[in-house]
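The values are calculated or read from the model by the stated rules, or taken from the named source; none is laboratory data. For clarity, every value in this text was computed on a predicted model and none was experimentally measured. We place every Cβ from the backbone using ideal geometry, glycine too, and count neighbours over all the protein chains shown. The area values use the complete protein model at the heavy-atom level, side chains included, leaving out ligands, DNA and RNA. Shrake-Rupley method; radii C 1.70, N 1.55, O 1.52, S 1.80 Å.
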Amino acid sequence: MLYNKNQSIKLDESKLKQIAAGGEGVILENGKNVVKVYHTPRPASFEKHLKSLFELDNRFIKPVGAWYTQKGDLAGYDMEYVDLNKYWLFNNLFNKGFCTTNNIDKRFKIKVLENLKDAIEHAHSKEVVIGDCNMYNIFVKKDGSVLFCDVDSFATQHQPHSGVLLDEIRDWTTTNIDKNTDTWAFNILSFWATTYV
């Protein structure tokens, strides 16, 4: 059972349909929203981190409300439901066959990369570092817009990055995870998307 902050509203997660699962938790349908429920609850102070992420715009699937255990630990959070069937994984832009089949040319890719760069700069303007800016955490719509998922792993002023990054986009010359990490990853993604290499 999950509770809101003052424990006046309950949510029985066992009655919600699971739509995805990962290493950190599960994603459940909850009306017009979805709920990410952590396998291991976070301390209640983690809510400050989630509130920092709420400052991001709609290019990020972000927290909109928190759920707690009966003991007061943060059990998970609500997010707006997004139909990801209307998007492609960014990773598809590296596949020549996919791009040919879907009439994706270099002009479209440049538009996507400009939108990606703008979204990263927006996050940085809110003092948020993406860190694991990889091709599986970014979705692309047919109009060239981008959408980030898995935002609770981002670094904010209230929570450092976990240090878990996809090896392919990691800058092995440093152990720091900061805005330069995102620039490094953006450059790698840009190279792969425009060269298929």
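Table for the structure above
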item	result
Among the candidates Asp171, Asp118, Asp182, Asp152, residue that is free of Cβ contacts under 8 Å to residues at least 40 places away in the same chain, open to solvent by less than 80 Å² (accessible area, probe 1.4 Å) and assigned to a helix (DSSP H, G or I)	Asp118
Qualifying residue in the range 83-91 (condition: open to solvent by 80 Å² or more (accessible area, probe 1.4 Å), in contact with a strand residue (DSSP E or B) (Cβ under 8 Å, 6 or more places away or on another chain) and not in a strand (DSSP E or B))	yes
Failed item, numbered, when Glu127 is tested on (1) outside any loop (DSSP other than H, G, I, E, B); (2) touching a residue at least 60 places away in the same chain (Cβ under 8 Å)	(1)
So Phe139, is it open to solvent by less than 80 Å² (accessible area, probe 1.4 Å) and under 23 Å from Ile19 (Cα atoms)	yes
The lone exception for Thr194 - which of (1) among the polar types (S, T, N, Q); (2) part of a helix (DSSP H, G or I); (3) open to solvent by 80 Å² or more (accessible area, probe 1.4 Å) it fails	(3)
Odd one out for Thr100, checked against (1) touching a residue at least 12 places away in the same chain (Cβ under 8 Å); (2) in a helix (DSSP H, G or I); (3) open to solvent by 30 Å² or more (accessible area, probe 1.4 Å)	(1)
Every residue from the range 48-79 that is over 23 Å from Ser14 (Cβ atoms) and open to solvent by 30 Å² or more (accessible area, probe 1.4 Å)	Lys48, Lys51, Phe54, Glu55, Asp57, Asn58, Arg59, Lys62
